[in-house]
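Q: One structure coming up, written as structure tokens, with questions to follow.
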Amino acid sequence: MLFTCKNVCPCGPAVPWKPVSFALSDRTMLDQIKSNQIYWTLFKQLIDDGVNRQLIALLSFWYSHQQASVVWLNTQSSPFCVGNGTEQGGILSPYLFTRYIRPLLTMIAFSSVGCHIGGIAVNIFAYADDIVLLAPSWHALQDLLSLNVAKNWV
């Protein structure tokens, strides 16, 4: 990603900085949607978006009653409760995760920290649970990370 950023950001003799990027690119963020408090934050966001309350009630029941079992050598375990995360590979998982982190994405995107291209701060790229922060320096990258910490996101 840094190679791509160097091609996009104006780096040359007239620009005293070289862009830095930081990737949060694993399932750990998606898997952290696990506590009731976080689920209810998500469900409140969906209510604020005007999502049908019956659908939200269904999701609430679904995620609070998740069960799984293990199959090994033609033997299946007894079901057990799954207490964290959204379903890996589930069709709703990317949407729910993206909706949950929308305030974080908005906060970073509208901060003035980042590489400026055509007068626009370009500082975050996100797709599903992959997030890349882009900053003109290590100090600016720390400022972006501090925004996240201040809001208890990362």
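What follows draws every value from the coordinates through simple rules; no lab data is involved. Keep in mind that this is a model prediction, so the values were computed, not measured. Please note: Cβ atoms are built from the backbone with ideal geometry, for glycine as well, and neighbour counts cover all protein chains shown.
Q: Could the peptides 46-59, 102-115, 65-78 be put in order, highest first, of the mean number of other beta-carbon atoms found within 10 Å of their residues?
A: 102-115, 46-59, 65-78
Q: Hey, another quick one. If you stretched the chain out fully between Gln67 and Thr41, how much longer would it get, using 0.36 nm times the residue separation minus the C-alpha to C-alpha distance?
A: Length difference between fully extended and current span is 7.2 nm.
Q: With labels modelled as points extended 7 Å from the Cα through the Cβ direction, what inter-label distance (nm, one decimal) is found for Tyr95 paired with Asp48?
A: About 1.9 nm, to one decimal.
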